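Undergrad: Before we start, here is the structure in question, set down as structure tokens.
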Amino acid sequence: MEKDLTQIAKEVRKLIIEVAWRSKSAHVGSSLSCVDLLVALYFYELNVNEKDWSNRDIFVLSKAHAAMALYAILTMKGIISRETFMGYLQNDGTLPAHLDRFTSKGVEVSAGSLGHGFNMALGMAYGHKIRRDKRKIYTLIGDGESQEGSIWEGALFGSKLGLDNFTAIIDYNNLQGYGRSRELCSFEPVKSKWEAFGWHAMEIDGHDICAIREAFGEDSSGKPKIIIAHTTKGKGVSFMEDQLIWHYYIVTDEHRDKALRELE
């Protein structure tokens, strides 16, 4: 299973590089860092069956500037077509740089303003819980996004209502738009803070497929769950890894060729 998911993650990264090159768009580093998390979610954990779409589990990408990662995953799952994916950020194209729920199946919310998707997902979890709906809700937030006050308001809301059908993941790559997250506005110790807010918190290697799968399966004892996933921005492409410039830098012909050679 881990070997298969690792291969899928490699293919997803190649798709991200290709579409970033075609669109000359930013946020390739942010997209690459969360690939393993999304692969484990969509190809192992999440109940997403097109034949029973109305009963699917819900995933909300709150760090929506990493939209390329979600689009690539949806393409690999066959939920959107490759043609749709390749229309990302093109004139008269198909997919925007930040998520718009009216553009594609599998995009659950319009997001981009940091701290908003997390709380929309919590609202969904509450709605499903009071209806006794067994569907689960998941969201991915960024470490820079975790500096938003709305995140912590939602954290209080989730634990107060015992939303044990909700799992949040922090893509903790310790790089945001202008530097190291820990240096710009430190929120350490992260795990202790979430536990103090009443959440079941775990820290894992966000590129270890086995660890990610185990975290999804861990019993939260009636609490909402937060998985603090330590990741590397630009993961999978050596010259992009842990480099701040790849928050905004564009992929040139040379970058594309070099990155795809590495991923092969």
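Undergrad: Please build a GNM for the chain, connecting alpha carbons under 10 Å apart, and tell me which residue among Trp246, Trp53, Trp199 fluctuates the most.
TA: Comparing Trp246, Trp53, Trp199 in the GNM, the peak value goes to Trp53.
Undergrad: Further question on the same structure: Taking the Cα centre of the chain as the origin, how large is its charge dipole in debye, to the nearest 20, when only Lys and Arg (+1) and Asp and Glu (-1) carry charge on their Cβ atoms?
TA: The dipole of the chain has a size of about 620 debye.
Undergrad: Separate question: For the chain, modelled as a Gaussian network with Cα springs under 10 Å, which listed residue fluctuates most, Cys210, Cys185, Cys34?
TA: With Cα springs under 10 Å in the chain, the top fluctuation among Cys210, Cys185, Cys34 is at Cys185.
Undergrad: Between Leu184 and Lys105, what length in nm is gained on full extension when 0.36 nm per residue of separation is reduced by their alpha carbon distance?
TA: Between Leu184 and Lys105, full extension yields an extra 24.8 nm.
Undergrad: For a quick check, take a GNM of the chain with Cα springs below 10 Å and name the residue from His128, His65, His230 with the largest mean-square fluctuation.
TA: His128
Each value in this text was obtained by applying a stated rule to the coordinates, not by laboratory testing. Source: prediction; values computed, not measured. Glycine also receives a Cβ, built like all others from the backbone with ideal geometry; neighbour counts cover every protein chain displayed.
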